[in-house]
Structure formats: structure tokens, C-alpha cells
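What follows is a set of notes on a single structure, which appears directly below.
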Amino acid sequence: MTDKQGNLAKDVKSSYFGLPALDISLAFPQATPASVFPPSVSDYFQYDDLLTPVEQDHRKKVKEFMEKEIAPIMTEYWEKAEFPFHVLPNLGALRIAGGTIKGYGCPGMSITGNAIAIAELSRVDASISTLMIVHSSLAMLTIGLCGSEEQKQKYLPSLAQLRTVACWALTEPDYGSDASSLKSTATKVDGGWVLNGQKRWIGNSTFADVLVVFARNTTTNQINGFIVKKDAPGLTATKIENKIGLRMVQNGDILLKGVFVSDEDKLPGVNSFQDTSKVLAVSRVMVAWQPIGISMGVYDMCHRYLKERKQFGVPLASFQINQEKLVRMLGNVQAMVLVGWRLCKLYESEKMTTGHASMAKAWTTAKARETVSLGRELLGGNGILADFLVGKAFCDLEPIYTFEGTYDINCLVTGREVTGISSFKPAQSVQLSRM
Ligand SMILES: Cc1cc2nc3c(=O)[nH]c(=O)nc-3n(C[C@H](O)[C@H](O)[C@H](O)COP(=O)(O)OP(=O)(O)OC[C@H]3O[C@@H](n4cnc5c(N)ncnc54)[C@H](O)[C@@H]3O)c2cc1C
């Protein structure tokens, strides 16, 4: 049957073997695929009224861009696990990169405006929203909050237009949840620093122009931050293959072998791991809004699909069990938006704690997991196809559940805040006794 390479012998192949797949609308004419994005119908409690006119305008602009420019191409690029670089200029023209940063060509949005923009990106495609969070809420914000005046002037204006792209490199192969123990080193030399070590999972890193890298200062033993430029001698970033979610995001393994960074590119505001907390506070709010946006999109898709698809002579929406699932999803979206919105308001009034942000991120990802799995059921077989959004969203949610602090780690952050007891490290193992 097969030759030595495992290929099917010629005589057992059909004449149509290897033909390209049928176009989805020909293969399944009864329901519209996500390339024509469904209307937005998840704002049941009219939370849009809570936004300012400026925030509503931003929301509308991002929504239109995503539906028009990303929805038609996202299945293809997600499947190929490639990023559609040609969309970067128009994504930059939305003027959301740089988020809350004021000046230096950045939009200076309210945190609520930034969050709702992230939700609208995620509603259509979570890979695009992840690129934006890594670029804007992690890398740009680190430069904005911890960089020198010269660094801000030099790097932020082109990053704000997405003429250049940034990444943010904290995680290492041996230090994920325990990132503050990282082992990459920064050694002082004449005129600068030499970086050695390894990073893993770093979004945008394979093509980023600007890499914000964290390493341990060999003199102080504290974590410092550095701006490394693309193609610096000794730097490589290679793509992590075979991901099941956020497939358009180019996550990389970074090797740092004697990479020289000049003194001007050391971030003066990162003198310990604690200094990253101002950045993580904002980025965690943004990540908390990704599952909200994903759930909105999945609800919208299911709402249309159930009315279009017929079984037993009636639309799927006619069945009580399906309506219950749809309403449970809608209820989840209402609750998630309210939690996300309140989190932004706490931040704006300077009352937000790390525990608040962690609980919101953990809880919205958990609720979204329930929402997308209900959606997956509702679409039957098409629920496992990227073409109908829900299968893709289902997979995209998994890395979000894990990054920016896993569900568990974020629960432990809030747990520590509300109990006063830290439980990150296991209790000392005790000798088993007969008692
Ligand atoms: C798609 C993707 C994109 C990413 N992008 C970036 C990026 O751009 N930059 C960056 O720096 N990093 C990035 N990360 C890394 C991400 O932040 C880490 O994956 C995450 O922090 C978890 O680390 P880990 O994968 O090593 O899991 P581990 O730390 O090995 O955890 C494995 C499991 O053990 C649990 N666990 C660990 N410690 C404890 C504990 N003390 N108590 C209870 N349970 C515990 C975890 O909750 C988890 O369930 C990305 C990851 C992914 C998957």
C-alpha cells in the first residue's frame, strides 16, 4: 500500500485524491462562515452606554477594521500559522498602539478605551489582539514607564504607528510561572552590557525591530531591562512551531550569546523585578479583556448560525436546549463586561490592586472557557473548524488562560492579597509519621 517514505502507492489513490478542499460556502451552504463576520449582538445590557463618546468612536473604528480587513483572511493565516504582515500599516493607522501612553506620538487613550479596543480586536481575532498587547501594553509601556527621555523619543513614535514592532522577553525555558527567578545575565563592560541566556515563548520576537529583554545584573543580582535591536550580533529568535492556539502570533525561542547593549539602551527604571509590576498591572487589565472579546465574537457567531442552520425542518435556534446554551453564553458575556469595566474604573481612580487585576484575568478566562465550549457544542461539526470562528476561538483561548500568569498563579496572587498568606512555594515536605 505504501512506499518506503510512507506515501500511498499510485494504484490505490483515487483520481480526485489530493484535490484542493471545496470552498466552505460550497461545502456547507446553509450557514455563513466567519469571513463575513456576524453582526454584533452581545451587548444585551447596553454597556456601550458606559463608554464616553471618544471610547465609542474608537470601538467602532477598531470593529470596522477587524470585520473588513481581518475576518476575510484570518482562517487562511491562522491555518498557515503566519502573520499577515501586510495589515500592519492599517492596524497602525487605527492609532491604538501605545494605548494609554501620552505624548511621543502615542494615543493617550483612557484605560477603558484601550480595553474596549482590545476586546474588539479579540472579538474577531485573538492573534491580532495578542500582537497588539505584547507590542503596546508590554513592550511600549515598559519603555514609556521605565525608559529615559531619550529612549522614549527614539523608540515610541515609530512603534506607535507600527512602522516598527516590539516584543517583551521575560519568560525563560526553566522559569515560567517563577519568572522572577530568571537566569539570563547582564554583565557590565566598557560602554554597555553583555547579555547571555535564553528566552522562550516571546510573541513577535522572530521579526521584532525592538526587543525589551530582562536579565539579571551580575553585580547587583537584580533584574534589569534592556532594549535589544533586531539582528544584534549574538541574537537569534526562532519560531516555535505546532501551536494549537494563537497560530498567527509568531512566538519565538530567543538565544542571547554575548549580545552587546550600549549604556543608552539600558532601561533606567528597571532596577528589580518589582519595577515590572506597573507595566504588568496595565497589561493584565488588557489580557482580562481578551476573553471578553473572544466570548462576544463567539456569541455573535452562534446567534447567527443557530438561525441559519436547520435540522429536523427548523432552525437550530428553535430547540430549547440550544436556547439555554445561548442564553448562558450571553449571561456570561454580560457578567464579564461588567467585571472588566469595573476593573478599568478601579484603575482610573487609582484603587486597583494587583489582586483585583489577577482575579479579573483569572475569572474572565475561566468564564470564557465555558462560553466558547458551549459555542463549540452549538455548531456541531462546524464547531471544530476555524472557518466558523468558534473552533479557532476555542483554541486561541487556551494560551490566554496560561499567559500573563496562569489561571492558578493569578488566583494565588489574589489569594495572597485577601488572606495575607503567600502560597506560591509549597509547604516544606514533612516526614510521614504514624500519627
Ligand atoms: C502563546 C504564548 C505567548 C506567550 N508570550 C509571552 C511573551 O510575549 N513574553 C513572555 O515573557 N512570556 C510569554 N509567554 C509565557 C507565559 O507567560 C508562560 O507560559 C506562563 O507564565 C506559564 O509558564 P509555563 O508555561 O512555564 O508554565 P509552568 O510555570 O511550568 O506551569 C505549569 C503548570 O503548573 C502550575 N503552577 C506553576 N507554579 C505553581 C504554583 N506555585 N502553584 C500552583 N500551580 C503552579 C501552573 O499554573 C500551570 O498549570 C507566552 C506563553 C504562551 C503560551
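Shape class for the stretch 47-160, computed from the alpha carbon gyration tensor (a ≥ b ≥ c): oblate, with a/c not under 1.5 and a/b at or below b/c. Assuming charge only on the beta carbon of Lys and Arg (+1) and of Asp and Glu (-1), the dipole of the stretch 1-151 about its Cα centre is about 240 debye to the nearest 20.
Go through LEU121, SER136, GLN5 and say which Cα lies farthest out towards the positive end of the charge dipole of the stretch 1-138; charges sit on Cβ, +1 for Lys and Arg, -1 for Asp and Glu. Final value for the positive-end residue is GLN5.
Find the relative contact order for the chain and round it to a whole percent, using C-alpha pairs within less than 8 Å whose residues are 6+ positions apart.
Working: 775 pairs, mean separation 71.6, N = 435.
That works out to 16 percent.
Each 20 Å bin, from zero up to the one with the longest distance, holds this percent of the alpha carbon pairs of the chain: 25, 52, 20, 2.
Helices meeting the span-like rule in the chain (full DSSP H runs, Cα extent of at least 24 Å along the helix axis, mean Kyte-Doolittle score of 0.0 or higher): 277-308, 320-348. Note on ASP408, ASP231, ASP265: ascending count of other Cβ atoms within 10 Å places them as ASP231, ASP408, ASP265, the fewest first.
Using the Cβ-Cβ distance between LYS257 and GLN320 with R0 = 60 Å, the FRET efficiency computed as 1/(1 + (r/R0)^6) comes to roughly 0.45. Return the whole-Å distance between the Cα centroid of the stretch 174-214 and the Cα centroid of the stretch 372-427. When both Cα centres are located, 26 Å separates them. For the stretch 67-132, the alpha-carbon radius of gyration amounts to 1.16 times the rule-of-thumb value 2.2 N^0.38 Å expected for a compact globular protein.
What is the mean projected area of the alpha carbon convex hull for the stretch 173-288, to one decimal in square nanometres? Show your work: numbers first, answer last.
Working: hull surface 30.3 nm².
So the Cα hull casts an average projection of 7.6 nm².
Charges only on Cβ, +1 for Lys and Arg, -1 for Asp and Glu: so what's the dipole of the chain about the Cα centre, in debye to the nearest 20?
On the way: 46 positive and 43 negative charges, 108 e Å.
Computed charge dipole of the chain: roughly 520 debye.
The distance linking the stretch 1-64 with the stretch 96-167 is 28 Å (Cα centroid to Cα centroid, whole angstrom). Evaluated over the stretch 275-419, the count of Lys pairs having alpha-carbon atoms less than 27 Å apart is 18 (only pairs 8 or more residues apart or interchain). In the stretch 275-419, a dipole from Cβ-located charges (positive for Lys and Arg, negative for Asp and Glu) runs towards its positive end, and of PHE403, SER349, GLY415 it is SER349 whose Cα lies farthest in that direction.
Note on LYS266: aspartates and glutamates with a C-alpha under 19 Å away, same-chain residues under 8 apart excluded, are GLU149, GLU150, ASP190, ASP209, ASP231, ASP275.
When each of ASP253, ASP49 is scored by the number of other beta-carbon atoms lying within 10 Å, the sequence from fewest to most is ASP49, ASP253.
Every number here is computed from the coordinates shown, using simple stated rules; none is lab data. Fair warning: this is a prediction, and the values are worked out from it, not measured in the lab. Because the Cβ atoms are built from the backbone with ideal geometry, glycine has one as well, and the counts that use them run over all protein chains shown.
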